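Working notes, structure below.
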Amino acid sequence: MRNKITVLFCLMCTLFQAQTVVHVKDKESKMPIAYANIWKAESLYKTADSTGVFSVNSTETASYFKITSVGYHDTIAKITEEIFLRPNRIALDEVKLVQRKFEKKVKLGKVKRGDNHYGVQWDTKMAMTAKYFPNKDTKGKYLSKAKFFATATNKNRLISVLVYSVGDDGKPDEILNTENLVYKLKKGTHAVEADLNSFNIEFPSNGIFIIIQHPLLEQNKNYSKDNNHPNGFFYEPLISIDESEEYIDSWYFKDGIWNQSKTYSINIELLLTD
């Protein structure tokens with residue numbers, strides 16, 4: 001009887017831990033798509049790695065997930081060994097070809113290490129944050145660089161940067177960059193400088209949002225012994241912020257909705273050039 005119980009327990013553990021490995025690929029080239037996002041119930045659920053691979057519990061294969069990636073059409077699909085995304089040709093065709101001078105510079109916001117930081121807790125409900133930069137009569141300028149400080153307790157942590165337009169409701173609306181901007185960090189506190197020049201995005205009259213997204217990967221997990229989260233980890237890197245008691249300029253994405261933050265302002269500097 002004791003042996004039977006042991007065998008049954010091991011079988012249950014095996015079933016519980018069974019994973020289905022998924023490869024996200026370009027529908028035309030069949031090449032892997034690095035760092036695609038996998039969404040579940042309006043929340044960012046997982047991030048594919050640099051080879052386009054992610055895994056889910058085998059019990060979830062009957063569920064539908066939304067898979068997104070910069071430069072591709074969003075795809076809603078059940079989990080299979082391979083999921084193909086169709087390239088978004090319209091987005092690629094909209095890249096402007098302009099003659100840049102890079103003579104005049106304008107800096108918006110401030111970049112600093114700060115005494116306060118944020119990471120992403122284990123439930124991943126707030127893996128995307130945004131900082132709004134209003135246009136105060138700045139004409140003929142293009143987005144050049146976005147800079148902020150990030151802290152990592154281990155090497156090879158990753159952080160992603162996106163650019164969003166401002167919708168009629170004042171919230172982040174449409175993604176404007178046409179390729180992924182993912183940066184690998186060194187251990188310690190270092191400045192992350194996202195180069196936006198290749199996109200030739202003219203600073204809109206209603207402003208712009210710079211989005212910081214934490215890739216939900218194993219290499220970004222911090223299993224600190226001091227961590228009070230029930231699952232025992234949170235996602236790094238930690239991003240520099242200033243605390244506040246009212247809305248200033250920062251937002252967070254939760255349960256499918258962008259919300260104003262009334263507790264912090266992200267320390268990001270945006271450089272514009274002609």
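The values are calculated or read from the model by the stated rules, or taken from the named source; none is laboratory data. Note that this is a predicted model, so its numbers are computed, not measured. We place every Cβ from the backbone using ideal geometry, glycine too, and count neighbours over all the protein chains shown. Only protein heavy atoms, including side chains, enter the accessible area calculation; ligands, DNA and RNA are left aside. Shrake-Rupley method; radii C 1.70, N 1.55, O 1.52, S 1.80 Å.
Structure values in brief
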| item | result |
| --- | --- |
| Residue selected from segment 99-128 under the condition assigned to a strand (DSSP E or B) and in contact with a His (Cβ under 9 Å, 6 or more places away or on another chain), by the criterion surrounded by the most Cβ atoms within 10 Å (Cβ to Cβ) | V120 |
| Number of positions in segment 26-61 that are among the charged types (D, E, K, R), surrounded by fewer than 17 Cβ atoms within 10 Å (Cβ to Cβ) and modelled with pLDDT of 90 or more | 3 |
| Segment 153-193, residues that are surrounded by fewer than 15 Cβ atoms within 10 Å (Cβ to Cβ) and of a type in the set (A, V, I, L, M) | A191 |
| Selection from segment 62-82 of residues that are outside any strand (DSSP E or B), touching a Leu at 6+ places or on another chain (Cβ under 7 Å) and either open to solvent by 50 Å² or more (accessible area, probe 1.4 Å) or not polar (S, T, N, Q) (or both) | G71, H73 |
| Among the candidates A18, A91, residue that is exposed (fewer than 13 other Cβ atoms within 10 Å of the Cβ) and either modelled with pLDDT under 90 or more than 25 Å from W122 (Cβ to Cβ) (or both) | A18 |
| Condition broken by I248, with the remaining ones in (1) surrounded by fewer than 14 Cβ atoms within 10 Å (Cβ to Cβ); (2) more than 21 Å from the chain's Cα centre (by Cα) satisfied | (1) |
| Filtered residues of segment 197-212 (kept if at pLDDT 95 or above and either under 21 Å from I33 (Cβ atoms) or hydrophobic (A, V, I, L, M, F, W, C) (or both)) | I208, F209, I210, I211, I212 |
| Wholly within segment 204-274, strands (runs of 3 or more DSSP E) carrying at least 2 residues that are in contact with a helix residue (DSSP H, G or I) (Cβ under 8 Å, 6 or more places away or on another chain) | 234-243 |
